[in-house]
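What follows draws every value from the coordinates through simple rules; no lab data is involved. Everything numeric in this text was worked out from a predicted model, so none of it was measured. Cβ: placed from backbone, ideal geometry, glycine included. Neighbour counts: every protein chain shown.
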Amino acid sequence: MTQQAPYIEQIRDTTEYLAPPDWRQATKVVDTFLTDGDFIKRLEARRLDPTDITTTGYADTLSFYGEDYCTVNQLEGLLDQSQADQIKLLSNAPLFLHNLNEIAYCEKLRKSYRFSQAEGHYYQGLKLYAVWYNQLLANYAYSNPGGTMSDLNTALVQQSATIFPGNEDVATCAVAMATRGARTEAVARHLFDLAGIEYTPGTLEEDLQGGDFIVMYKGHRVKVDIKSSLHQIAQLRGGYAQISREHINYAIKELACNQGRKRQFVVVLYGGFTDADLGDSLGMQLPQEAAQQHAESLAWQLRRALEELWS
């Protein structure tokens, strides 16, 4: 007989009811995972208590279960990409929050002692997973520019609130920060498209080094890190004076590398748009002419940066 989880059953209707309409079906699917016999068997195989829903192991199992569900149902033509992305985002939200907590803990430890090789690999794995989730968020925002930030944030927080054992305010803040960064990247991609800039999204490893996008210039793969404000650019340039004087929205950042390895750089680029330009939308809700002006300005800043880097 399959063991049930009464507490989880109790919260399902509440979670589904609170989910935004566009996310209700995906929320319902992920909620059914929690009492599915196969999911509970996976928990038991890992010696996890199905009623103890706030552990990292529980969140990790839910992540894999959601991935497997999407793979099978997409192969059978039962899910489109947007639905699959919603299910993956929801089923990974609790693990993402656990992951952020663990990253913060590891970074605190790093200040007091040097990691062993095993600890370094573990920490790197945490960072790569966080990058993967952020890429999933950015891809969803890029593919669904008509969606809203409020619906995205609400869906992710409501899904993870009962599984992530932290303060809901902490979860809300972490989700909002991640979705804001993802939207910035998604809107920049739309502007690159408008400007005719050829690019590819960075790999997980490249993104971890700041390469949201990769552009080719004079045969070089150049990492481009899109920012939602000028703050980090001003820091890299030693203040806002040069930015204001020369109307520069970019900076060149050199990556730390081991001795003997080729020097690597990242173009840190301000997208040129603000939250006021976007409102609650996942995409830029501006007239075509204004969006084109943003795109051309971004392309001009990128060209200046590439010329400075490879002059």
Highest mean first, how do 95-102, 48-55 rank when packing is the count of other Cβ atoms within 10 Å averaged over residues?
95-102, 48-55
In the stretch 10-97, what GluC sites (Glu not before Pro) fall in a loop by DSSP, with at most 15 other Cβ atoms inside 10 Å?
76
Candidates 217, 65, 133, ranked by Gaussian network fluctuation over the chain, Cα under 10 Å, top entry
217
Through the Karplus equation 6.51 cos²θ - 1.76 cosθ + 1.60, θ set to phi - 60°, convert the phi angles of the stretch 26-34 into ³J(HN,Hα) values in whole Hz; use x for Gly and Pro.
5, 4, 4, 4, 5, 4, 5, 4, 5
Estimated dipole of the stretch 185-310 in Debye, rounded to 20 [Cβ of Lys and Arg +1, of Asp and Glu -1, Cα centre]:
700 debye
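Can you show me the helix-derived [θ] at 222 nm for the chain, built from DSSP H runs with n ≥ 4 at -39,500 (n - 2.57) apiece and divided by the number of residues, rounded to the nearest 500.
Result for the chain, helices only: -20500 deg cm²/dmol.
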Mean-square fluctuation check for the chain, GNM, Cα pairs under 10 Å: which of 251, 182, 104 is largest?
104
Which Rg and Dmax, in Å, describe the Cα atoms of the stretch 70-130?
16.4, 51
Exposure proxy ranking, count of Cβ atoms within 10 Å, fewest first, for 206, 185, 119:
119, 206, 185
Taking a cut-off of 19 Å, what percent of all Cα-Cα pairs in the stretch 117-259 are separated by more than that?
63 percent
By Cβ neighbour count within 10 Å, fewest first, 282, 75 rank 75, 282
Helix 6-18 vs. the chain, principal-axis angle (Cα, 0 to 90°, nearest 10)
50 degrees
Taking Lys and Arg as +1 and Asp and Glu as -1, residues besides residue 179 with C-beta under 14 Å from its C-beta add up to -3
Find how many whole Å separate the alpha carbon centroid of the stretch 129-183 from the alpha carbon centroid of the stretch 32-66.
21 Å
Segments 25-38, 287-300 sorted - mean Cβ within 10 Å per residue, highest first
25-38, 287-300
Of the candidates 150, 216, 255, the farthest towards the positive dipole end of the chain (Lys/Arg Cβ +1, Asp/Glu Cβ -1, centred on the Cα centre) is 255
Net charge (Lys, Arg +1; Asp, Glu -1) of residues whose beta-carbon lies under 13 Å from that of residue 213, residue 213 excluded, is -3
Tilt, helix 149-160 to longest principal axis of the chain (alpha-carbon atoms), in degrees rounded to tens, equals 40 degrees
Where N is the number of residues in the stretch 178-311, Cα Rg divided by 2.2 N^0.38 Å
1.04
Any idea what the dipole of the stretch 57-216 comes to, in debye rounded to 20, about its Cα centre with Lys/Arg Cβ at +1 and Asp/Glu Cβ at -1?
560 debye
Once the Cα gyration tensor of the chain is diagonalised, what are the square roots of 5 times its eigenvalues, in whole Å and ordered largest first, as equivalent ellipsoid semi-axes?
37, 24, 17
What share of the DSSP beta bridges in the chain is antiparallel, in percent to the nearest 5?
70 percent
Within the under-14-Å Cβ sphere about residue 234, not counting residue 234, Lys/Arg +1 and Asp/Glu -1 give a net charge of +3
Within 10 Å of each residue's Cβ, count the other Cβ atoms and sort 303, 263 from fewest upward.
263, 303
Taking only Cα atoms of the stretch 37-150, the Rg to Rh ratio with Kirkwood Rh works out at 1.03
For the stretch 110-125, Karplus couplings with θ = phi - 60° (6.51, -1.76, 1.60), whole Hz, Gly/Pro x:
4, 6, 10, 7, 7, 5, 6, 4, 5, 5, x, 5, 4, 4, 4, x
Toy charge model, Lys and Arg Cβ at +1, Asp and Glu Cβ at -1: the chain dipole around Cα centroid in debye, rounded to 20, equals 1480 debye
Greater than 27 Å separation of Cα atoms is the criterion. Which listed pairs, 108/227; 218/253; 28/227; 41/108, meet it?
28/227; 41/108
